[in-house]
Structures are given as structure tokens and as C-alpha cells.
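No value in this document is a laboratory result; all are computed from the given coordinates. This is a predicted model, so every value here is computed, not measured. Here Cβ is always computed from backbone atoms with ideal geometry, including for glycine, and neighbour counts include all displayed protein chains.
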Amino acid sequence: MLYRCDDARRLEKRDGCIEIRARDPSPALGFALDLINEILTRDYGVKIGGTVIIDPLGTSGDAVYYGGRKFGVIHYNPLRISLTPRGARVITRKRERPKGYVIVKRSAEGYIRRGYNVMAGGVKEAFPSLSWVIVLNEDLEPIAVGKRRGDRVAVMTRGVVEPMGPIPPERSWEYIVEVNTESLERKGKTARERIVKGVSGRPYVLYSGGKDSEVTLYLSQEVGAKPIYIDTRLDLPEAREHALKVVERYDGIIVSTKDELSFRSALRQLGMPGMDFRRCTQLLKISPVRGLIGKNDTLIVGLRAAESSSRRREPVFGRNRSLGVRQVNPIIDRTSLDVFLYARYEGIELNPLYYKGMRRLGCRLCPASKEYDLLFLERNYPSYYRRLRELVDEYAQGLRPDKRRRYFKSGRGPVDPHVRREGDKIITKYGLLPPRCEDAGSCLDRAIMLNACVSCGACERVCEKNAIEVSDRVYVNRDECDRCNSCVKACPMVRAYRKILKRRRKRLRFL
């Protein structure tokens, strides 16, 4: 929760505080704040600063909070900000006659304050070529905000500006940390107690280099947890360099994978991954951990419920279904802002990319990136952005060019992995996966493992008999194999194909 109080934004409610209904607020740093000011300067001729907060709204954009109140919503396609009445009031106080205005006649003012649209006959003066405008009266006082229209209806009113007190001063993040010290101490203590209570066996932290796993690793030192970092070589250079340095400091474990080769091979077979079909997580991050963690050990993970609907269902203490071990989620009920402020309070060194404006660290080639992440990549790392475009274009080459552009820019679209089942055979766009029924176990799963191999090495790591060798494909020594099927259970491609076949009649979307 986040509350607006007289002195600052607080994480816990006090007398006189008003709740800010933000789902997962995070600070606008670096590129994020520059982007907001770039749009405001272009459209209205003003800038804002201080502790600006952003809250994701899914595909519709991100809410922007300034001074503890909702300022507007930033949209990335096309790039613009739709102001709230509060945002209009702030802008007019910073600049008497801002860009992006419509001045109405005095006779129309009363109707507009009651929520009526601005008709063409009521317009006295207008700033050209802007879709979202501030409606001013003849005294240049803001009375409404709305969307610019055509001939008869000049502006569709989307909010009436109410009287407002003084704009709060622009505070620093150090000041916000100072006023929330007690709250941050309590939340840190609660997270440590959860870790101590939930750990059995050897504790490990699944470390990604992001702020959530960074804070989780710091909190877990009371039980002597070691970090495990999966070096996919698909992270941005600064992120990978920081992660390797942290793991070395804590004497952790680094697991190297086959980088882009496995990712591209799986892409050709299964199509694009998505938020509802994240088979690349299994391939690149879960499978390499198999064999490192014992069944009696504990995995400590920095999951947060505010990140997605599936994570909202995760308990504090549970089991990792993929690895079959006990899992503790000590910060599951924290927001992104909670984690950021706690890191500032404890002096934890976060990944430098956060201060450049990156909100969530992940693979630089992730096609499931949100629109802000794509824009950040395009502006700051154009070579990686072009490579991602090539991957998407390679997959979407059967689509018309206009649909391909819309598919990439919107981040949504049907995922058709071209997989179907006919009896005991699996047929893909790239050929038939024949069953190998001479071995024990599931013919179907074994066929997938042997014929859809992307050389990730998951089966080789879990084989206790050392009967498997992975190079360009899987080679099984049948004299050594005891038919335990642990390799089939560990194979991420088996999981992926099974999921496709189970959901083949449903429309898959990637976000």
C-alpha cells in the first residue's frame, strides 16, 4: 500500500493520510523520468521532477503519480500522456498558457464544468495538432481536460478540474526513505522471520541480478544462503557484470548455459514465447538448476504478488513444482517501491540499469517484453533491439507487413506453434517427431526429448548413471540407462510440447 500524507508518501497509513490506489508502484528513474519530461515538453512546454512514481496498467500504459496524486497515463504507442484534471492544474501552475490548450468562450464554461463536451461554436482559441488538451476559460484557468475531436464536437470532456491547494514540494528519495524508516525496519524484520521459519536443509537464493533477488539475497544472509546465478549470456552487459560480481562476493554458484543457441533452436520449433507460455524460463533458467539442489534443501525466491496474476496465488511457504523442493517467498506481499526504498535504506547496491531507467531486468532478446521495455531497449541499446526485431520478423514472416508491425509494437498477438498430434505421432511445422517405443516409459515424451533436442543439457545433468551425452543432440548409452525417466521429466521441450498439445484449441497470446 501507498499513502499520501501531508509530509510525504508513506508505506503505512497515518492519521490524515489518503490511500493511493496503485497496484505495483515503482520510482521513475533515469530514462523513465526523461521520457515523461520529453512528452510534457513537446506537448505542454513544462517539466516535472522529484519523486515521480509509475504504476503499470497492463497494455493501456502506465499511470504517473506526481505529488502523491495521479498526474496522467503515459501511452507508448503512440507516445503521449493523457492528463488527469490534477495534472492539468499542475501544468497551468507551472506555465500560464501551456501548449496543448483550448480556450472556450465564457458562455460555454458553465456547461463544461458540468461535464458537457466542448462544441465547435464554444471554442475561442485552440493550440493546433494535439489530441489530448487542457480546456481553459477566458481567464486562462483550467476547467477540464479532454480529447480533441473534429468539426462539431471540438473536445470530448474526460474530466473537470476541481479547486486544488498548493502543489507539494518536490521531495528527494532520501527524504522518502527517512520518513518511512520505521515501516521499512518492520518489513525487513518480517521478511527475515519468514526466511528463518521456512528454511530446512541447505538454503539457496535463485539470483537474477534484479532488485527483488538482490534484496532477498541480503535478507537471507542470516541463514547463510548461497546465490545461484544462471548465466544465460542473454542479459544486458551491465546486468551480467553486476550479477557476476555479487555472486563472487557471496561465494555463490554460477551455472552457464548454451546462450542464444538453445533459445533460437527452441524458437524455430515452438514459436514465440509469451507471458502465458514461458517455456524459455524452463529451458534457460529452471532446467540448469536441476541436480544442484537436493530434495531436502530450500529455495528462497524474490517473487512478488503484484507482478502478475499467477504470482498472486503463490504462498509465503510452498513448494517449487518444477524442482520439487521447498520454496520460501519472503517479499511476496511487497511492491516494487517497497523493495527499492528498503535497498536505499540498507545501502544495498542495486544493478546500475535500474538507475538508467530499466524497470525489470530480463533477457535482452525477450519477445514478451512490455512496450516500455522495448522503447528502453530501442533508445539505449539499438543493436540488441535490431536483433530482437530480426527474431520477431523471422517468426512472423508469414504475416502481412502491416500485421507484423502491429504484432511487434503492441506486444500482443496469436502464437501459433504449428504443433498437432495424430495418434502416437507429433507433427510440427518443421517435420514429424517419430516415437521411439523400444525404450521403457512414455513413447510420446521420449520422442520429444530425442527428436526436439535444443542441446540445453538438462537431461545430462540429472542422469545419475551418466548414460546421456549432449552435443548437437541427445545420445543415450542404452547399456547404462536404467529407464528411470528422470531425463524425460527434466526436459523443458517435453513440458513445452505437452502444454501446446493440451491448449492447442485455445488462442495463445504473448504480452
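Can you tell me the FRET efficiency between GLU174 and LEU57 if r is taken as the Cβ-Cβ distance and R0 is 30 Å, rounded to the nearest 0.05?
0.60
How would SER26, SER369 line up from fewest to most surrounding beta-carbon atoms within 10 angstrom?
SER369, SER26
For the range 277-355, run through the GluC sites (Glu not before Pro) and keep only the ones in DSSP coil with at most 14 other Cβ atoms within 10 Å of their Cβ.
In loop regions of the range 277-355 (DSSP not H, G, I, E or B), the sparsely surrounded GluC sites (Glu not before Pro) are GLU349.
Can you work out the PRE-style zone for LYS189? Point 7 Å along Cα to Cβ, and I want the residues of the range 201-227 with backbone N under 11 Å.
Nothing falls inside the zone, counting backbone N under 11 Å.
How much length is gained on full extension from ARG23 to ASP333, taking 0.36 nm per residue of separation minus their Cα-Cα distance?
Using 0.36 nm per residue and subtracting the Cα-Cα distance, I get 110.5 nm.
What is the packing order of peptides 243-252, 220-229, taking the mean over residues of other C-beta atoms within 10 Å and listing the highest first?
Answer by packing, highest mean first, reads 220-229, 243-252.
Sorted from fewest to most neighbouring beta carbons within 10 Å, what does the list PHE127, PHE317, PHE31 look like?
With the sparsest Cβ surroundings first, the list reads PHE317, PHE127, PHE31.
Which of HIS242, HIS75 has the fewest other C-beta atoms within 10 Å, and how do the rest follow up to the most?
HIS75, HIS242
Of the listed pairs LYS105/LYS147; LYS370/LYS489; LYS47/LYS147; LYS47/LYS245; LYS295/LYS489, which have alpha-carbon separations greater than 26 Å here?
Those over the limit are LYS370/LYS489; LYS47/LYS245.
For the range 312-375 and the range 75-134, what is the separation of their C-alpha centers, rounded to whole Å?
Going from one Cα centre to the other spans 38 Å.
Using +1 on the beta carbon of Lys and Arg, -1 on that of Asp and Glu, and nothing else charged, what's the dipole of the range 18-160 about the Cα centre, debye to 20?
Taking the Cα centre of the range 18-160 as origin, the dipole is about 380 debye.
Between the range 170-209 and the range 212-235, how many Å separate their Cα centres?
One Cα centre to the other: 14 Å.
Calculate the spin-label point distance for ARG478 paired with GLU125, positioning each point 7 Å from the Cα along the beta-carbon direction, and give it in nanometres.
The answer from the label model is 8.8 nm.
According to the Kirkwood expression over distinct Cα-Cα pairs, how big is the hydrodynamic radius of the range 18-160, in Å?
Computed over the range 18-160, the radius equals 15.4 Å.
At a Förster distance of 56 Å, what's the computed FRET efficiency of LEU140 paired with GLU390, Cβ-Cβ distance as r, to 0.05?
E(calc), rounded to 0.05, equals 0.65.
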